[in-house]
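Down below is the structure, laid out as structure tokens.
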Amino acid sequence: MNTFTIITALVTISALISYINNRFIKLPGTIGVIVVSLLLSVLITLTGKIFPGAYDFIKDLTRSIDFTQTLLDIMLGFLLFASALQFDFQKLKEQRIPVLVLSTVGVIGSTFIFGFLLYWTAGWFHIDLPLVYCLLFGALISPTDPVAVLSVLKKSKVPSSLETIIGGESLLNDGTGILLFVILKEVAGQADAHVSFAHTVALFSQEVFGGILLGVISGIVAYRTMKRVDDFQIIVLVSLSMVMVISVLGAMLHVSIPLAAVSAGLILGNTSLGIKNHPDTQRYFHNVWNLIDELLNTILFVMIGLQIVVMPSLKNYWQIGLLSTLFVLAARGLSIAIPSILLKRSLKTTYKGITILVWAGLRGGISVALALSLPDSPYKELILSSSYFVVLFSIIVQGLTLKRVVNAMVK
């Protein structure tokens, strides 16, 4: 399929699925989209022999899309910039300690807790899964997904302080997660790989600090450019161009595109773009990016739902997939509870707060994209299938019940 055909098919399917959800199923936005996408994928798979044309078309469409590159190198910058644009930097500053702890120590702790739990359990099912691959799985599934988290938080009534912690963590924990993933992938790919402390620090500095620096410079340049014009169309074009440049330069310089997009979004979202005689510029600007966010979110969740058509191995790993879902929740709970106990004064997190933090820690497309980026090995299929189980449970079950959990905890 050519690029225009792929885009046309994705937009059309997204419009159809959104219509079906809005008209008949009536589930919350992105959750409804992924549920309908899954139902459509299952229906097409089951009726493949009856309607081979539809099955082959969806299969070809899904295989024509490089999910990893499309999400990580193209869509993610736009999605995170749009989310950070709406984020209150002052609130984030007030909750900086819990956000930083959860986005670093929490991710590392969750990775190792999950990895050892999976390694210990794999033997029960006579599955030979090396520890390094269990930890690699933990690294790609431990960071909460900012796209999934922020899309669900918009519809929930999480207390303001916890909402800031959850949203801030999801925006900032990619640096830690990607660092762990890259290091463990190197170790897994080479039996004699030696990863020194200096190498780890260099990778961390390049990904995290390089990404933040790129975002700050891009945000400042874009802001100063916008302030010098009085045409709203130019302002929007400058912001679109900035996000695209961040994605291109981030890939070229091997720095974190997510952190760069978040940094630029926080700068432009917390500064005034008011133009003389046009006092509503800021509101219009946010509305445009909110629309972009909603559209890309819908397309992304449709892409996730359609992946089931090209994942026939799901039925072979449903047991490990379900156990992985439980282990993710347990690992996140422990990785939050332990720092909360040790740093009680700084984190000020109660049992009820920890419960909300655990249940609101959704996984999404980033975990699937990282799993798809794994090099071919005897363990890739298991990790990919299990990641898909975790993501579906996270978005559908946790997303749909988050409001109930919050209501039960805040009473």
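Rg/Rh for region 228-270 to two decimals, with Rh computed the Kirkwood way over all alpha-carbon pairs. List each step's numbers first, then the result.
Working: Rg = 11.6 Å, Rh = 11.1 Å.
Rounded to two decimals, Rg over Rh is 1.04.
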*Would you compute the Debye intensity of the chain from its alpha-carbon atoms alone, equal scatterers and no solvent, and pass along log10 I(q)/I(0) at q = 0.08, 0.12 Å⁻¹ to two decimals?*
-0.42, -0.99
*Of SER263, HIS286, SER373, which is farthest on the positive side of the dipole of the chain, counting Cα position, with +1 on Lys and Arg Cβ, -1 on Asp and Glu Cβ, and the Cα centre as origin?*
HIS286
_Run the numbers for VAL236 and ALA54: contour at 0.36 nm per residue of separation, minus the present Cα-Cα distance, in nm._
61.7 nm
_Under 8 Å for C-alpha pairs, at least 6 residues apart: give me the relative contact order for region 218-310, rounded to a whole percent._
27 percent
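Please give the charge dipole size of region 67-410, origin at the Cα centre, charges +1 on K and R Cβ atoms and -1 on D and E Cβ atoms. Round to the nearest 20 debye. Mind dumping the intermediate values first?
Details: 22 positive and 18 negative charges, 235 e Å.
Rounded to the nearest 20 debye, it is 1120 debye.
Once Rh for region 251-331 is found with the Kirkwood sum over Cα pairs, what is the Stokes-Einstein diffusion coefficient at 4 °C and 1.567 mPa s, in µm²/s? Show your work: numbers first, answer last.
On the way: Rh = 17.2 Å.
So the translational diffusion coefficient is about 76 µm²/s.
Using the beta-carbon distance between ILE338 and LEU16 and R0 = 35 Å, what value does 1/(1 + (r/R0)^6) give for FRET efficiency, to the nearest 0.05? Before the final figure, lay out the partial values.
Working: r = 46 Å, r/R0 = 1.32.
Efficiency, rounded to the nearest 0.05: 0.15.
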*asked:* If R₀ is 25 angstrom, what is the calculated FRET efficiency for the pair PHE197 and LEU100, using the beta carbon separation as r and rounding to 0.05?
replied: 0.75
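For the chain, which whole-number percentage of the solvent-accessible area (1.4 Å probe, protein heavy atoms only) is attributable to carbon and sulfur atoms?
Values: 12610 of 19120 Å².
It is 66 percent, rounded to a whole number.
Among the listed pairs LYS315/LYS403; LYS93/LYS352; LYS26/LYS315; LYS93/LYS185; LYS315/LYS380, give every one whose C-alpha distance is greater than 26 Å. Don't skip to the end; give the middle numbers.
Details: LYS315/LYS403 31 Å; LYS93/LYS352 23 Å; LYS26/LYS315 29 Å; LYS93/LYS185 33 Å; LYS315/LYS380 15 Å.
Check vs 26 Å cut-off fails for LYS315/LYS403; LYS26/LYS315; LYS93/LYS185.
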*asked:* Need the C-alpha centroid separation for region 332-411 versus region 87-145, integer Å.
replied: 9 Å
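Given only helices, namely DSSP H runs of n ≥ 4 each adding -39500 (n - 2.57), what is the per-residue ellipticity at 222 nm of the chain, to the nearest 500 deg cm²/dmol?
Dividing the helical sum by the residues of the chain leaves -22500 deg cm²/dmol.
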*For PHE116 and VAL288 in the same chain, what is the full-extension length gain: residue separation times 0.36 nm, less their Cα-Cα distance, in nm?*
57.4 nm
*Estimated vicinal HN-Hα couplings, Hz - region 385-398 in sequence order (Karplus 6.51, -1.76, 1.60; Gly, Pro = x)*: 5, 5, 4, 5, 4, 4, 5, 5, 4, 4, 6, 7, 6, 5
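The values are calculated or read from the model by the stated rules, or taken from the named source; none is laboratory data. These numbers come from a predicted model, not from an experiment. Every residue, glycine as well, gets a Cβ built from its backbone with ideal geometry; the counts of neighbours run over all protein chains shown. Quick note on the areas: whole protein, heavy atoms, side chains included, nothing else; ligands and nucleic acids left out. Shrake-Rupley method; radii C 1.70, N 1.55, O 1.52, S 1.80 Å.
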